[in-house]
1. Could you tell me how many of the residues in segment 200-225 are open to solvent by less than 60 Å² (accessible area, probe 1.4 Å) and without any contact (Cβ under 8 Å) to a residue 24 or more places away in the chain?
2. Under 20 Å from the mean Cα position of the chain (by Cα), of a type in the set (Gly, Ala, Ser) and either within 22 Å of Gly76 (Cβ to Cβ) or open to solvent by 40 Å² or more (accessible area, probe 1.4 Å) (or both): which single residue out of Gly157, Gly175 fits that description?
3. Could you tell me whether segment 125-144 includes any residue that is within 25 Å of Gly24 (Cβ to Cβ) and among the β-branched types (Val, Ile, Thr)?
4. Quick check on segment 12-56: of everything there that is hydrophobic (A, V, I, L, M, F, W, C) and more than 23 Å from Val80 (Cα to Cα), which residue is most open to solvent (accessible area, probe 1.4 Å)?
5. I'm told Ile146 meets every condition in (1) over 27 Å from His193 (Cα atoms); (2) open to solvent by less than 10 Å² (accessible area, probe 1.4 Å); (3) in contact with a Lys or Arg (Cβ under 7 Å, 6 or more places away or on another chain) except one. Can you identify the failing condition by its number?
6. Can you pull out every residue in segment 82-113 that is in contact (Cβ under 8 Å) with a residue 24 or more places away in the chain and over 20 Å from the mean Cα position of the chain (by Cα)?
7. Given (1) closer than 27 Å to Glu67 by Cα; (2) over 14 Å from the mean Cα position of the chain (by Cα), where does Val167 come up short, assuming only one miss?
8. Looking only at segment 1-35, how many residues end up being farther than 28 Å from Asp73 by Cβ, among the aliphatic types (A, V, I, L, M) and assigned to a helix (DSSP H, G or I)?
Amino acid sequence: YADFYVEVWRHIAARCKDRPAVWGYDLLNEPVQNRPSPEGCDNYWALQERAARAVRAIDPRTAIIVEVDQWDDPGGYDFVKPMAVPGVVYQAHMYRPHAFTHQGVHGGKERWAYPGTIKGVVYDKAALRRELQPVRDFQLAYNVPIYIGEFSAIRWGQGADQYLKDVTEIFEEYGWDWSYHAFREWSGWSLEHGDVESDTQPAAAPPARQAVIRAWFSKNQKASK
């Protein structure tokens, strides 16, 4: 299976190289490895490096994106070192605190507000900065590009707009690329739906959460050729 995985990436790279619409190859989404690899097999990080080398042999330019353990959690950066492959971008997903960002997603009745005390911990912008510190430390130690490939807050979370404002300000301060999760995938993450959990249709007026993300998008500029 590992060999086949690498071969699939060779096929993708051969098909997609030199296509300007392809920003990067994201090698493995949200890996989770809770047990040692079988004898003779690479772990999740070494396997991505193997695939990255295979891709780079075919496509010398397109970015290669890799992710860390435990669903690409920021804490995973405490346990890895950069890959010896050029053009690698290091991705993290930001859903901390999970109790706030995912409240009600998997059932359960608890509801939390941000900023505030969530499961006994006080969360504000400073706390979010601490949660992201392993990624920041990795960036500074190795001078590598960072990409927050997913982040969000469930739309009915009280203070979700402030949460999005705080995390995006941190991303921008650190010079990280980012993409919001997700556009028209599910109403729970929707920036077009209102803040009431029972609403099933997009809101008549753009919610505050949408305004936060649009404010950053408005600063984008078309890259020069």
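The values are calculated or read from the model by the stated rules, or taken from the named source; none is laboratory data. None of the values given here were measured: they were computed from a predicted structure. When we count neighbours, we look across all protein chains shown, and the Cβ atoms used for this are built from the backbone with ideal geometry, even at glycine. All accessible areas refer to the heavy atoms of the entire protein, side chains included, with ligands and DNA or RNA removed. Shrake-Rupley method; radii C 1.70, N 1.55, O 1.52, S 1.80 Å.
1. Residues that pass the stated criteria total 3.
2. Gly175
3. Within segment 125-144 (the criterion being within 25 Å of Gly24 (Cβ to Cβ) and among the β-branched types (Val, Ile, Thr)), the answer is yes, since at least one residue qualifies.
4. Trp23
5. Condition (3) is where Ile146 drops out.
6. Hits for segment 82-113 are Ala84, Val85, Pro86, Gly104, Arg111, Trp112, Ala113.
7. Result: Val167 fails condition (2) only.
8. 1
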